[in-house]
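The structure under discussion appears below in the form of structure tokens.
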Amino acid sequence: MSNNFGYLDIILLGMIAGFIILRLRSILGRKTGHESKVYPNFAEKKFSIPKKDAEPLKQNLDVLEGKEKKDFLRGAEIAYENILTSFASGDLIKLKALLSPNMFSNFSDAIKLRNKENIKSEFTFIGVKESSVENYEKIKDNLFATVKFVAEVISVKKDKDNKIIEGNPDKIKFVSDNWKFTRNINQKSPNWYLSEIIS
């Protein structure tokens, strides 16, 4: 007798489940595979395109703060690493794109002297530990920003006989530098250039 009730329960539950499935199908519909893959809300939404004649928001160049400061420091750290590694390898092409004309002349002369004396420079840049804007100013059409870098490097100089004359290849050393970057606001390029190394 109890077995009959068990079968009746199963049949009853199956009927209820079938009814629910049919109701859901009628309400929600069936997927045919031909539906649009673009969400309707995104497809129908009209995004406003800025007009060419609209005046762009002018950045306040008298101060360096917020997102502009964060972006500047990120770029300065990349420039710092590239300048140090390019100087060590003697890559004048890369240096020219990162230095002011006066600084490029100084770096170029130092590389030529190093080559003349047959001094080899082995350099490994570990990373910047910290960086901060120590000074920022706008003078007429030029911006100047002095950045303090604290970094870890491995630096070794060898003579023509491959003997170490400076540094240790097995020792990471901390270096602290103050570099002044500049850019002219009238130039189309937003790039900053190293203009001075402050001792």
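Laboratory data are not the source of any read-out in this text; all were calculated from the coordinates shown. Computed from a prediction, not measured in an experiment: that's the story for all the values here. No Cβ is skipped: glycine too gets one built from the backbone with ideal geometry, and neighbour counts run over all protein chains shown.
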Q) Going down the list Lys116/Lys157; Lys120/Lys163; Lys112/Lys180; Lys120/Lys173; Lys70/Lys148; Lys69/Lys138, which pairs span over 21 Å between their C-alpha atoms? A) Lys112/Lys180
Q. Over the C-alpha atoms of the stretch 66-198, what are the Rg and the largest Cα-to-Cα span, Dmax, in Å?
A. 15.9, 51
Q) For Ser105 and Gln187, what is the calculated FRET efficiency with R₀ set at 22 Å and r taken between the beta-carbons, to the nearest 0.05? A) 0.65
Q. If each residue's Cβ is checked for other Cβ atoms within 10 Å, how do Leu84, Leu194 rank with the fewest at the top?
A. Leu84, Leu194
(Q) Between Leu13 and Lys148, what is the label-point separation in nm under the 7 Å Cα-to-beta-carbon projection? (A) 7.3
